[in-house]
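The values are calculated or read from the model by the stated rules, or taken from the named source; none is laboratory data. Every value quoted in this text rests on a predicted model; they were computed, and no experiment measured them. Quick reminder, even Gly has a Cβ in these numbers, built from the backbone with ideal geometry, and neighbours come from all protein chains shown.
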Amino acid sequence: MSERPDLPLDLLRGLALPRMSRRRFLQAGGLTVAGATLAACSLPGTPRSNLGLQGAREEIAKYWAAQTQHGQLNFANWPLYMDVDADDESKHPSLDEFTKKTGIKVKYDEVINDTDEFYNKIAPVLRQKQSLEWDLMVLTNGMSLNDLMIRDYLVPLDQARMSNFYANASTLAANPSYDRGNVYTMAWQSGITGIAYDIKRVGHEITSWEDLQDPKLRGKIGMFGDNEDLPGCALAAIGVNPEQSTPEDWKKAADWLIKQKPLVRKYYAQDYVDPLLRGDIWATMGWSGDVLANQGDNPNLRFVVPKEGAILWTDNMCIPAAARNPLDAMIYMDYVYNPDVAATLADYIWYITPVPAVQGIFVQEAKDADNEDDKAYYQDLSTNPLMFPKEADFAKLHRYRVLSEEERPVWNALFQPIYSG
Amino acid sequence: MSRLRGKLAPYLMVLPAWLWLAIFFVVPTVTMLSVSTMTGNDLDGFKQTFHFSTYADAWNDYHTQIVRSLIYGLVATVLCVLIGYPVAYWIAFYGGRHKSTLLFLLLLPFFVSFVIRTLAWETLLQDEGVVIKAMKHLHIDGAFFGFMHFIGAVPEHAHQITQTHLAVVGGLVYNFLPFTILPIYVSLERVSPSLLESSADLYGNKVTSFTKVVLPLSMPGVFAGVLLTFVPVAADYVTAQILGGPGTTMVGTIIDQRFNSQEYPIASALSFILMALLLIGVFSYAKALGTEEAMEMAAA
């Protein structure tokens, strides 16, 4: 069991957000519009709470003591991130099972395609202290998630209702560097940003980020056009752990990318898989699970964690401030840390599960399999290094750099011009 | 009383339009202008500090993309007129009773979301896709890419269409062509056939009839078409994002990115610079070519 966390000081503002009636909502909206346009002299920031540590703990306990189970959970997630019924794609067996066991009905929406984009969609609502339509959402660690935490746009979790989590979570999922003590988040799945490539078209094995500086691949290289994966991988490429990087390192990483730029076909948003499959690009920054999921279409597809290192990211379950059914969300979050449930999910999703016991379950499945196909399938899953990375692999994987408000302009000025044209 | 009402009536009738303009144009524009000179960040908020150097920074950092957008706008608009005029001409004079059907067919593809259509182009134009394969099969790919390298539409070393100027300008022309064709069609439609007969009676051959009669009469339509095409093309950002690459980014994409990373001042400043340049361009164009009739046509 992991050590109990120290709570950050500024986390409470979001807890006791009053629910607004429609009328008050309209009034508030009207006021904001009038205020913003007539005065037009400032855009408000986010006030911070000044409660002390002890005060915060008490407030959180009080908040959770007041919650009751409502039998309803509204869940926002990414596409292809939940098991589906073999016959009916709209059915999610593991969610149905959850409803059967707990009586909590789940409305499941695949509405998140990009964490920053989703953040920009929900932040104005949360700033107005209104409820989102979801009680539970899955967001990637990084600047937007950090923004949600420091703005108190998330509900601190009820540590007393995380018994499955503390019993079964991997070292990766428990106490991550971006949310010490799992105050706000529990991992959903993790993955690696490394190099995806077509070995037949490239003609040789890729082992290093330097392979993406090869003039022979000119016009056939893809990179990500984002502000975290791209700089993170460039920092890894020059041998620096992004989390410990300094502005001088950023400069070097930016130079590495500028040198590479003439070879790059495009800085992709997340639409790199199709061009990779059809041969517009041959080698690209990519996500581990994407490669596993598409090797069926193209057996020449490979994924590699370059020898200099790569980025490990985690998508996290979290509860937005003013959520209507926080207790139902809390129950679900801990429920998926039951190894059998985690195995059902991992069997479908093919990223890195936060529950290491899943590997043992797959080994057992392979033993118990009554036909050769299933046996081979589960053997493959249980030994797949992209789903169950070894400790040595983890040593090469880094987390994103989280930037302070002062550092952001410096970082942006270095990296944004590279991918924005 | 009724006299007063009579005097007020025109103002009352125009009031909704004024309100519309005030609420949806003047207020946002003033707000944007105000935001563009603020400083701050998302967490602490933005404060008005009359920090005008944001404009200088915006221009210094992104003049390449701004100029590129204007050039794309210009090239795409010229191509749209060159392609659109004959189409409009043919429908207006030879369409006969099928005119409305032909116009409908022209608009038919636009019932599908333009993002989807642009993605479809990406698939067609890919390196191992049907277009390049067909050209290879016909052995015209060498000549094609030679020409494209010559005019600079495709970079020297590359045998590709996507992520080049060619793809982006092509996509823009495709997406905005109806905005050029429709006004030109309307102006040509108004040209009475009897004028052509008169021209013939006065010994005008087909060429002089066109250059002396039809073309001048259709100029208001061309003027309107150019305006309706150039402004949205220069401000477009989806086409370049889907079909383009690092060397074809337009300023719209930059504004979108800056806005999404909560850098509102620079996003506002860039929007303003673009708007100012477009207005200057449009007004000088109107001054040079516009007649009163042309302006009316453009307004309609």
**OP:** Hey, can you tell me all the residues within region A:374-401 that are surrounded by 13 or more Cβ atoms within 10 Å (Cβ to Cβ) and among the aliphatic types (A, V, I, L, M)?
**Re:** A:LEU381, A:LEU386, A:MET387, A:LEU397
Original post:
Is one or more of the residues making up region A:239-246 in a helix (DSSP H, G or I) and surrounded by fewer than 22 Cβ atoms within 10 Å (Cβ to Cβ)?
Top reply: yes
Subject >> helices (runs of 4 or more DSSP H) fully within region B:148-244 counting 2 or more residues that are farther than 30 Å from A:ILE221 by Cβ >> reply: B:165-189, B:193-201, B:215-235
Subject >> A:GLY360 over 30 Å from A:TYR119 (Cβ atoms) and more than 14 Å from every other protein chain (Cβ to nearest Cβ) >> reply: yes
**OP:** Give the residues of region B:252-272 that are aliphatic (A, V, I, L, M), more than 10 Å from chain A (Cβ to nearest Cβ) and out of contact with any Lys or Arg (no Cβ under 6 Å at 6 or more places or on another chain), sorted by residue number.
**Re:** B:ILE255, B:ALA269, B:LEU270
**OP:** Scan region A:100-114 residue by residue and report those that are within 16 Å of the chain's Cα centre (by Cα) and at pLDDT 90 or above.
**Re:** A:GLU110, A:VAL111, A:ILE112
Original post:
If you go through region A:140-157, how many residues are in contact with a helix residue (DSSP H, G or I) (Cβ under 8 Å, 6 or more places away or on another chain) and away from chain B (no Cβ under 12 Å)?
Top reply: 7
**OP:** Among the residues of region A:226-262, count how many are within 14 Å of chain B (Cβ to nearest Cβ), closer than 15 Å to A:TYR400 by Cα and modelled with pLDDT under 95.
**Re:** 3
**OP:** Determine if region B:159-172 includes at least one residue that is touching a Gly at 6+ places or on another chain (Cβ under 9 Å) and surrounded by fewer than 21 Cβ atoms within 10 Å (Cβ to Cβ).
**Re:** yes
Original post:
If you go through region A:205-228 one residue at a time, do you hit one that is outside any loop (DSSP other than H, G, I, E, B), polar (S, T, N, Q) and more than 18 Å from A:ASP315 (Cβ to Cβ)?
Top reply: yes
Subject >> So A:ARG265, is it within 14 Å of chain B (Cβ to nearest Cβ), surrounded by 23 or more Cβ atoms within 10 Å (Cβ to Cβ) and either under 19 Å from A:ILE418 (Cβ atoms) or without any contact (Cβ under 8 Å) to a residue 24 or more places away in the chain (or both) >> reply: yes
Subject >> region A:392-421, subset among the aliphatic types (A, V, I, L, M) and more than 9 Å from chain B (Cβ to nearest Cβ), residue farthest from B:ASP57 (Cα to Cα) >> reply: A:ALA392
**OP:** Determine if region A:80-95 includes at least one residue that is more than 26 Å from the chain's Cα centre (by Cα) and β-branched (Val, Ile, Thr).
**Re:** no
**OP:** Name, by its number, the condition in (1) away from every other protein chain (no Cβ under 11 Å); (2) farther than 27 Å from A:LEU414 by Cα that does not hold for B:VAL67.
**Re:** (2)
**OP:** Inspect all residues belonging to region B:52-63 and state whether any of them is within 12 Å of another protein chain (Cβ to nearest Cβ), under 26 Å from A:LEU126 (Cα atoms) and surrounded by fewer than 12 Cβ atoms within 10 Å (Cβ to Cβ).
**Re:** no
Subject >> Pairs with Cβ under 8 Å, 6+ apart, first in region B:190-216 and in contact (Cβ under 8 Å) with a residue 60 or more places away in the chain, second surrounded by 11 or more Cβ atoms within 10 Å (Cβ to Cβ) and among the polar types (S, T, N, Q) >> reply: B:VAL191/B:SER218
Original post:
Pairs under 6 Å by beta carbon, first residue within 13 Å of chain B (Cβ to nearest Cβ) in region A:277-293, partner among the aliphatic types (A, V, I, L, M) and surrounded by fewer than 21 Cβ atoms within 10 Å (Cβ to Cβ), six or more apart or different chains?
Top reply: A:TRP282/A:VAL202
Original post:
Quick check, is A:ARG399 under 22 Å from A:ASP114 (Cα atoms), of a type in the set (Lys, Arg) and touching a residue at least 24 places away in the same chain (Cβ under 8 Å)?
Top reply: yes
